[in-house]
Amino acid sequence: MTAPVLSVRGLSVRFLMPSGRRIAAVTDAHFDVAAGECLALVGESGCGKSVLASALLGLLPANAQAAGGAYLGDVDLLAADERTLARTVRGRLIGLIPQSPAAHLTPVRTVRSQLEETVVALTGTRGRAAVRQAAEAAAERAAFPAGHLDHHPHQLSGGLAQRAATALALIGNAPLLLADEPTTGLDRDLVHHTVDELRRQVDVGRRALLVITHDLAAAERIADRMAVMYAGRIVEISDATAFFGLPGPRHPYSRGLLGALPERDFIPIPGMPPELGDLPDGCAFAPRCERATPTCTTLPAAAAGLVCHHPHVTEDLRA
Ligand code: SF4
């Protein structure tokens with residue numbers, strides 16, 4: 001892998017609740033994302049993946065405490081102050097593609113005016129003609145049709161709103177794109193279109209892309225590598241081709257996620273994820289895991305991209 005654009009090292013996030021409870025939303029996350037690479041961070045709702053995204057953007061609420069490091073160039077995103085995050089990071093180093101593009105856009109202004117404002121703020125372009133040209137170029141990069149530039153967000157389809165949000169995210173030429181559930185609420189055709197557009201930005205723009213999603217079909221279409229999160233921990237990091245093909249995932253939870261898909265075995269994982277405020281001392285997946293043994297009451301150490309005492313071994317998986 002080429003030098004990482006983003007390096008996350010031991011990232012943990014705790015929420016301190018008014019009652020005194022501590023919620024372990026993210027625990028000891030480690031991963032890299034390189035230029036021209038897409039890492040998909042997947043897991044069930046509430047597993048901590050969007051909290052992780054908020055930590056990278058410096059958008060955690062006041063009752064959250066983050067520890068560890070997240071390095072983007074020479075900036076430690078966790079240590080940076082709000083001024084640095086606002087002026088240097090958001091938009092310029094990280095382009096955010098939001099979960100609800102229509103809600104992300106300002107409803108009372110046209111797409112063109114929002115693009116032009118972002119061009120001025122992020123690129124320093126001056127002069128009416130130059131700003132207009134840069135905004136139109138940004139729209140074109142995201143395949144947003146010029147004929148819709150003077151429309152307001154409510155006049156756009158879901159797909160066009162997504163492209164408008166992508167165009168805004170690309171203006172600062174950020175080396176890292178962060179897409180937080182970019183396919184939520186879209187029909188399957190639009191999902192394919194959206195992830196293909198994002199993939200194009202990775203391939204053509206040589207950007208690093210971190211996609212946070214619960215949509216495994218979308219992840220299969222776009223990702224180079226997979227990171228699977230359960231109860232706040234990344235339990236497996238794997239090459240996407242091996243993950244979705246042979247030999248398949250090695251962590252029991254990852255295998256359960258894949259097996260639950262209708263186009264696979266259509267067998268749901270039994271039970272429910274644990275409360276993040278009441279995690280067991282050992283492996284949090286143990287109550288739902290058919291491979292659990294008494295050893296699993298102790299926390300497994302991370303090794304070779306896996307956090308599990310009894311991962312499936314390659315020979316098992318090929319049998
Ligand atoms: S550590 Fe044990 S309980 Fe946890 S996933 Fe691995 S085998 Fe299952």
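The values are calculated or read from the model by the stated rules, or taken from the named source; none is laboratory data. These figures come from a predicted structure and were not determined experimentally. When we count neighbours, we look across all protein chains shown, and the Cβ atoms used for this are built from the backbone with ideal geometry, even at glycine.
Regarding Arg255, is this residue part of a helix (DSSP H, G or I), touching a Leu at 6+ places or on another chain (Cβ under 9 Å), modelled with pLDDT under 90 and basic (Lys, Arg)?
Details: part of a helix (DSSP H, G or I): yes; touching a Leu at 6+ places or on another chain (Cβ under 9 Å): yes; modelled with pLDDT under 90: no; basic (Lys, Arg): yes.
Criteria not met by Arg255.
Name the residues in segment 81-95 that are touching a strand residue (DSSP E or B) at 6+ places or on another chain (Cβ under 8 Å) and outside any strand (DSSP E or B), would you? Before you say what the answer is, go through the steps one by one.
First pass over segment 81-95, keeping only residues touching a strand residue (DSSP E or B) at 6+ places or on another chain (Cβ under 8 Å): 84, 88-90, 93-95.
Within segment 81-95, Thr84, Thr88, Val89, Leu93 qualify.
For segment 203-210, indicate whether the set of residues that are in a strand (DSSP E or B), at pLDDT 95 or above and in contact with a Cys (Cβ under 6 Å, 6 or more places away or on another chain) is non-empty.
Yes: segment 203-210 contains one or more residues that are in a strand (DSSP E or B), at pLDDT 95 or above and in contact with a Cys (Cβ under 6 Å, 6 or more places away or on another chain).
Considering only residues of segment 135-148 that are over 20 Å from Leu190 (Cα atoms) and buried (at least 19 other Cβ atoms within 10 Å of the Cβ), which is nearest to the chain's Cα centre (by Cα)?
Ala138
Among (1) part of a helix (DSSP H, G or I); (2) at pLDDT below 90; (3) within 22 Å of Arg264 (Cβ to Cβ), where does Ala217 come up short?
Single failed check for Ala217: (2).
Checking the condition buried (at least 16 other Cβ atoms within 10 Å of the Cβ) and more than 18 Å from Arg163 (Cα to Cα), which residue from Leu122, Leu115 passes? Steps first, answer last, please.
Numbers: Leu115 fails: more than 18 Å from Arg163 (Cα to Cα).
Exactly one residue qualifies, and that residue is Leu122.
Would you confirm whether or not segment 155-162 contains a residue that is touching a Lys or Arg at 6+ places or on another chain (Cβ under 9 Å) and farther than 19 Å from Arg92 by Cβ? Break it down stepwise before answering.
Restricting attention to segment 155-162, the residues satisfying the condition of being touching a Lys or Arg at 6+ places or on another chain (Cβ under 9 Å) are 156.
Still in the running and farther than 19 Å from Arg92 by Cβ: 156.
Scanning segment 155-162, I find at least one residue that is touching a Lys or Arg at 6+ places or on another chain (Cβ under 9 Å) and farther than 19 Å from Arg92 by Cβ, so the answer is yes.
Being assigned by TED's automatic domain parsing to the domain that holds Leu261, buried (at least 22 other Cβ atoms within 10 Å of the Cβ) and either touching a residue at least 60 places away in the same chain (Cβ under 8 Å) or of a type outside the set (A, V, I, L, M, F, W, C) (or both), is that true of even one residue in segment 78-92?
Scanning segment 78-92, I find no residue that is assigned by TED's automatic domain parsing to the domain that holds Leu261, buried (at least 22 other Cβ atoms within 10 Å of the Cβ) and either touching a residue at least 60 places away in the same chain (Cβ under 8 Å) or of a type outside the set (A, V, I, L, M, F, W, C) (or both), so the answer is no.
Output the residues belonging to segment 53-88 that are polar (S, T, N, Q) and more than 16 Å from the chain's Cα centre (by Cα). Outline the logic, then answer.
Initially, segment 53-88 is screened for residues polar (S, T, N, Q), giving 54, 63, 65, 84, 88.
Answer for segment 53-88, where residues must be polar (S, T, N, Q) and more than 16 Å from the chain's Cα centre (by Cα): Asn63, Gln65, Thr84, Thr88.
What number goes with the only condition from (1) closer than 21 Å to Val42 by Cβ; (2) more than 12 Å from the ligand (Cβ to nearest atom); (3) surrounded by fewer than 19 Cβ atoms within 10 Å (Cβ to Cβ) that Asp278 does not pass?
Failed condition: (1).
Restricting attention to segment 291-310, report how many residues are more than 8 Å from the ligand (Cβ to nearest atom), in a loop (DSSP other than H, G, I, E, B) and out of contact with any Ser or Thr (no Cβ under 9 Å at 6 or more places or on another chain).
4
Hey, any hits in segment 261-272 for a residue that's in contact (Cβ under 8 Å) with a residue 40 or more places away in the chain and either within 12 Å of the ligand (Cβ to nearest atom) or outside the structural domain of Val42 (by TED's automatic domain parsing) (or both)?
no
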